[in-house]
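See below for the structure under consideration.
Nothing in this text is a laboratory measurement; each read-out follows from the coordinates by a stated rule. Computed from a predicted model, the values in this text were never measured in an experiment. All Cβ positions, glycine included, derive from the backbone under ideal geometry; neighbour counts span all protein chains shown.
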Amino acid sequence: MNFVKESVIPAVVLTAICVVISAALALTYNTTKPIIDLAAQREADAARAEVLSTADGFEKVDTSGMEGVVEAYKATNGAGYVFTTSAKGYGGPLNVMTGIKSDGTIEKVKLMDNSETPGLGSRTGEEEYTSQYANKDASLDGVTAISGATISSTAFKQAVTTAFQAFGQLAGVDVGIEEPKSPEEQIFPETELTEITLEGAVRAYQAEDKGWLIVTKAQGYSDADHPMEVYTGIGPDGKIVGVALGANDETAGVGTQVGEEAYTSQYVGRDNLDGITAVSGATESSNGFKKAVQAALDLVPALQTVSEGA
């Protein structure tokens, strides 16, 4: 009897209390969740209305497979679309909300979640910078970076460009943004590539009778998560036909400049890398790129033997 009184009854009472409390919490949750969700929806719609003021409501659209697009909403009255897109900034992902009107121009842009440096990169959220985007089309002509915050500015602009790419797909219009050419197309356009085995290369290809394409890797920026891939085209005379930046984790707008023609054009026609100058402000990325190209040049003597064997 004492056992029942001292052990069983208290356990039953505690269990009953837990059941009652759990039921009360569940009831409270089920009662308040719709209210909380509605409030969150209204807050989100208010933010979207801020960048597309002529919309009378918003309907979420599917953005599966659209790289860099966090979410997209279509105005129920056909006024346009609102996109939240992401790009790599200085401190991490930088999210931007862009309102694009049905005529393909921007009404307004807004900086969302970000980890940019306060007072520098975070200035991309200030009216002085964001107002540049008003009424711009996909070319974004005239939008200038913030002095001292080039990385953040470049990321912001890239996020807006991504919004335009998504707009073009969803609205079924040509926004005038050319798809970037692959490294292969940049160096050997309209050329059939046949993969060959070349020891020391990540990958290698015979480019018909135009030469060879060698892919090598080297560490660029020391804080980059992975080495950069560099494509080097070698002509039949052993000289460089062209070079291109492949997969990389270099800083957008800074290290990625090694993939731009202003830098890569230095390599064309060379069989040595004497006199190649680095990109200002991107010495580590430049050195890594140059090292990868040199690794490709070092493999040139083996190319003839490989090709004869193939």
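Please sort by residue number the GluC sites (Glu not before Pro) in segment 240-310 whose DSSP state is loop and whose Cβ has at most 16 other Cβ atoms within 10 Å.
260
With a ≥ b ≥ c the root eigenvalues of the C-alpha gyration tensor of segment 143-299, is it rounded (a/c under 1.5), prolate (a/b larger than b/c) or oblate?
Oblate, since a/c reaches 1.5 and b/c is not below a/b.
Return the loop-located trypsin sites (Lys or Arg not before Pro) in segment 225-310 (DSSP other than H, G, I, E, B) with at most 16 other Cβ atoms within 10 Å of their own Cβ; answer none if there are none.
Filter output for segment 225-310: 270.
Let's test the formula: R0 of 30 Å, r as the Cβ-Cβ distance of residue 59 and residue 181. What FRET efficiency results, to the nearest 0.05?
Computed FRET efficiency for residue 59 and residue 181 comes out at 0.30.
Can you list the HN-Hα couplings for segment 233-248, worked out from phi with the Karplus curve (6.51, -1.76, 1.60; θ = phi - 60°), rounded to whole Hz and with x for Gly and Pro?
Karplus values, whole Hz, x for Gly and Pro: x, 10, x, x, 8, x, 9, 6, 8, x, 9, 8, 8, x, 4, 7.
Work out from phi, with θ = phi - 60° and the Karplus expression 6.51 cos²θ - 1.76 cosθ + 1.60, the ³J(HN,Hα) of each residue of segment 138-146, listed in order in whole Hz, and give x for Gly and Pro.
So the J values, rounded to whole Hz, are 5, 5, 6, 4, x, 7, 10, 6, 7.
How high is the relative contact order of segment 64-180? Use alpha-carbon pairs under 8 Å, at least six apart in sequence, and give a whole percent.
Working: 217 pairs, mean separation 27.8, N = 117.
Relative contact order of segment 64-180: 24 percent.
For segment 192-219 and segment 45-123, what is the separation of their C-alpha centers, rounded to whole Å?
Result: 41 Å between the Cα centres.
Let me check against my output: what whole-number percent is the relative contact order of segment 216-292, with C-alpha pairs under 8 Å and at least 6 apart?
Once normalised by length, the contact order is 35 percent.
Let me check against my output: what whole-number percent is the relative contact order of segment 172-237, with C-alpha pairs under 8 Å and at least 6 apart?
So the answer I get is 24 percent.
Going through the cross-link list 217/290; 210/291; 157/291, which pairs have a Cα-Cα distance over 21 Å in this structure? Please report the intermediate quantities before stating the final value.
Values: 217/290 10 Å; 210/291 24 Å; 157/291 30 Å.
Pairs exceeding 21 Å: 210/291; 157/291.
In terms of the Cα gyration tensor, with a ≥ b ≥ c the square roots of its eigenvalues, is segment 211-310 rounded because a/c is under 1.5, prolate because a/b exceeds b/c, or oblate?
Verdict is prolate for segment 211-310.
Decide, for segment 175-264, between rounded, prolate and oblate: order the square roots of the alpha carbon gyration tensor eigenvalues as a ≥ b ≥ c, take rounded if a/c falls under 1.5, and otherwise choose prolate if a/b is larger than b/c, else oblate.
oblate
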